[in-house]
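Notes to accompany the following structure.
Throughout, read-outs are computed from the coordinates displayed, never taken from laboratory work. This one's a predicted model, so the numbers in the text were calculated from it and none came from an experiment. Ideal geometry is used to build each Cβ from the backbone, glycine not excepted, and the neighbour counts take in all protein chains shown.
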Amino acid sequence: MKKSVRIIALILALATVFALVGCGKQTGGEGETQDTTLAEGQTFAPIPADKIKIGVVHITSKDDTSGYTYAHQKGIEEMAAALGLKSEQIVIRDNVDDNDVEATKAALQDLVDAGCDVIFATSYNYMDAVEEYAEKYPDIIFSHCSGYKSNGKNFNNYFGRIYEARYLSGIAAGLKAKELGVPIVGFVGAKGSDNSEVTGGINAFALGVQSVYPECEVLVKITGEWYDPAAEGIAAKALIDAGAVVLSQHCDSDTVQTTAAQAGRFGVGYNSDMTPSAPNNHLTAPIWNWGVYYTQTVEAIIKGEWKCENYYEGYNVNLVGLSPLNEKAIAHGTKEAVEEAQKKIASGELFVFSGPLYDNQGNQILKEGEKLTDEQITGEINYYIKGVRVL
Amino acid sequence: MDTLFNFLYASIIASTPLLFGTVGEILSEKVGNMNLGVEGMMWLGAFAGFYAAYKTESFLISLLASFGLAAVGALIYAFLTVTLKANQNVTGLTLTTFGIGLSLVFGKAMITAAGGAPKTSDVFNAKVAAINIPVLSDIPYIGKIIFGLNPYVYIAVAIAIILYVYLMKTKTGLNLRAIGENPAAADASGINVNLMKYINIIIGGGICGIGGAYMSLVMVNGSWQDSGVVNGYGWIAVALVIFSSWNPAKAILGSLIFGMFSSLRYYVPSDIIVIPTAFYQMLPFVVTTIVLIVTSIKKNKENTQPAACGINYFREER
């Protein structure tokens, strides 16, 4: 008897442990490949601005004060303000786990039942459920962030060139490292080289660093989780131990920034302005301005001009950007250097991933004059460029 | 050499919440109550300790608050399992869910009230920063890992040693172990079984709570996170109880080893030694399984789970 109880208890305990490990939270719509085939035009009738109803599905709470959902929610609110929509015209389902298909469908059904004309689903794994609902309800527009599926009729996807902002943040980090005279910059990434978005982001950051400080090395630690504050802290500490003087990140908490600040190092955040977390040490952060997309899209729907096209923009429309440079922390000349590069990116004069480009194994990725295509950027960056070292 | 000691230092930092959780749970299991609510109690402690530190800037009040709220969680558990004889596993799991939910709800309220992510002040952060003893802390290599740690680490080790002495060397400790092995016999010999269960479950829970506070105050530098910070450490502590064979002194070593598992992958030069991340994440559980197999083969009565652990004691059914 007691033995069996013991065994059952142990199994239960271990099962729960494994279950917890298994359901590591995936906060973040992290794109894989982007389907850029354009739509066969179907048009929707105009909807009066005071009648339109907008549905949103968020992965975490709409009341978050920083991070991924916060950025989307801010965009939705900006859109509502810009178009003069009332709060009851926006229906939100938040804390919808994107690994839980049933929960996703229930949230979508709620929004359909609430009479929404357009539904924005902001996280990657909502994709298949959204696809199914788009087929089921052809009169409703479904717009999914960071995935790659679309149906050319009422279901598109949207994402942005955040790597452009990462490149600029790399300039800020590189100049700071140069000012300190230490050619080592660190980066805490959530996912390894199998994830093109994180890996491409690290590469873009490194290119930015190298553009101002060519001999500077970028050391990378991978946590394996989008959100794991304790692990992010350990990884940041390990980078500091390895000599990094500026730490950047692609993960969801501000622990990398606070750890850097405590050790007297500097940091580049992500998703939202993390200066409040490290007032004297945070340089800047690549951020999203989702309001640009939401406003444009809803406005088009109101006018009856919406077309089912996939959306992948960047600095040219200010979908991505940098949080205000922190005067207390940045190196001299950062502002000018960032502004100059920003103009070049916006005008198309500077393309981040252009040749010659080598990976850190010595293979040539791009020859002089070549550029990565959007499909390659969103789905096929599985290598680190020269000067990046994963530790 | 530097890397090795940096790694050791990081491992000690990462092992401390596990040590709190483990010795707390050992205390509970030694009186025969398997409390799977460690994770929940750590969440409660993480919130209460943070909130107190945020509001009062006092280390002592923060310590007591984290202990106190987690102890309340343990009290609920004790009432349900000891007095009402509810199933221990289910009650423990419920406590986990409850603890996580409660601290997230109040954490959210705290964020809303602060109008942004709340942070502890520099005054408080200085109190929980790594101590610096002149001369001693400056000894090359070992100075930092012995005399240059934050106060929680010393508290954790002290608690583990005190509990070891209490459990193994005192009469009360003997009584307590008797309850875990055979509550009916203990009862017959005049020990107040239920009272002892209550006291030890509650103290054990409170100790788990300090581990949670350590995570929100030290591991993430005193910044309250939207989605919490404990995220599974409580479960590792439950596994560690088995690993340390219900011995608080061994728990010090055990948690250090498990702390190494969490920091190892950041210190192994992965451009030279390529091991998938999943392997490191799996390590604690594989090692626990191996220890479990080895100890059950050895059939050493001393190093196994208390015989009555997980079984509620019905006085009337003796």
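Can you tell me what percent of all Cα-Cα pairs in chain A are more than 29 Å apart? Write down the numbers at each step before the final one.
Numbers: 33815 of 76245 pairs.
Cα-Cα pairs of chain A separated by over 29 Å account for 44 percent.
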Treating only Lys and Arg (+1) and Asp and Glu (-1) as charged, each at its beta carbon, one finds that segment B:2-317 has a dipole about its Cα centre, in Debye to the nearest 20, of 420
When a/c reaches 1.5 or more, the comparison of a/b and b/c decides; with that in mind, is segment A:78-136 rounded, prolate or oblate per its Cα gyration tensor?
prolate
Pick out the long, greasy-scoring helices in chain A: whole DSSP H runs spanning 15 Å or more along their own axis by Cα, mean Kyte-Doolittle at least 1.6.
A:2-22
Would you mind pulling out the separation of the Cα centroids of segment B:263-318 and segment B:94-143, in Å?
28
Filtered hits (aspartates and glutamates, Cα-Cα < 15 Å from B:Lys197, offset >= 8 within chain) -> B:Glu25, B:Glu29, B:Glu181, B:Asp187
Selected from B:Ser103, B:Phe67, B:Leu217, residue furthest toward positive end of dipole (segment B:2-317; charges at beta carbon)
B:Phe67
If one builds a Gaussian network model of chain A from Cα atoms under 10 Å apart, the most fluctuating residue listed among A:Lys343, A:Lys74, A:Lys307 is A:Lys343
Segment A:258-322, relative contact order in percent, only Cα pairs under 8 angstrom and at least six apart counted:
29
Between the alpha carbon centres of segment A:183-199 and segment B:190-222 the gap in Å comes to 38
How well do other chains shield peptide A:220-233, expressed as the mean number of their Cβ atoms within 10 Å of each residue Cβ?
6
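Distance cut-off 19 Å, Cα to Cα: go down the list A:Lys328/B:Lys127; B:Lys55/B:Lys119; A:Lys149/A:Lys191; B:Lys55/B:Lys108; A:Lys62/A:Lys303; A:Lys74/B:Lys55 and report the pairs above it.
The pairs that break the limit, which is 19 Å between Cα atoms, are A:Lys328/B:Lys127; A:Lys149/A:Lys191; A:Lys62/A:Lys303; A:Lys74/B:Lys55.
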Dipole moment magnitude, nearest 20 debye, the protein assembly as shown about Cα centre, only Lys, Arg, Asp, Glu C-beta charged
3160
Shape call, segment A:168-323: gyration tensor on alpha carbons, a/c limit 1.5:
prolate
Straight-line reach check, B:Lys144, cutoff 12 Å on alpha carbons, 8 or more apart in-chain or any other chain, hits among aspartates and glutamates -> B:Asp2
Taking a ≥ b ≥ c as the square roots of the Cα gyration tensor eigenvalues, with a/c under 1.5 meaning rounded and otherwise prolate when a/b beats b/c, else oblate, which class fits the protein assembly as shown?
prolate
Taking segment B:2-317, how much of its Cα-Cα pair set, in percent, is spaced more than 38 angstrom apart?
14
Peptide-level mean, for B:84-91, of C-beta atoms on other protein chains within 10 Å:
1
Per DSSP helix of 4 or more residues, -39500 (n - 2.57); summed, then divided by the residues of chain A. What does that give at 222 nm, rounded to the nearest 500?
-12500 deg cm²/dmol
Which order do the peptides B:269-277, A:205-213, B:51-59 come out in when sorted by mean C-beta neighbours inside 10 angstrom, highest first?
A:205-213, B:51-59, B:269-277
Which is farthest toward the positive dipole end of the protein assembly as shown among A:Val198, A:Gly369, B:Leu136, measuring Cα position about the Cα centre, with Cβ charges +1 (Lys, Arg) and -1 (Asp, Glu)?
B:Leu136
If you average the sequence gap of Cα pairs under 8 Å that are 6 or more apart and divide by the length of chain B, what percent do you get for the contact order?
38
Taking other Cβ within 10 Å of each residue's Cβ, how do A:Arg389, A:Arg93, A:Arg265, B:Arg315 sort, fewest first?
B:Arg315, A:Arg389, A:Arg93, A:Arg265
Counting only complete DSSP H runs, which helices of chain B cover 24 Å or more along their long axis at the Cα atoms and score a mean Kyte-Doolittle of -0.5 or above?
B:2-30, B:38-56, B:59-78, B:88-114, B:151-169, B:193-214, B:248-267, B:277-298
Dipole size in debye (nearest 20) for chain A around its Cα centre, Lys and Arg Cβ +1, Asp and Glu Cβ -1?
1020
Report the longest stretch of chain A that contains none of the GluC sites (Glu not before Pro) sitting in a DSSP loop with at most 11 other Cβ atoms within 10 Å.
A:41-214
Using Cα-Cα distances under 8 Å and only pairs 6 or more residues apart, what relative contact order does chain A have, in percent?
20
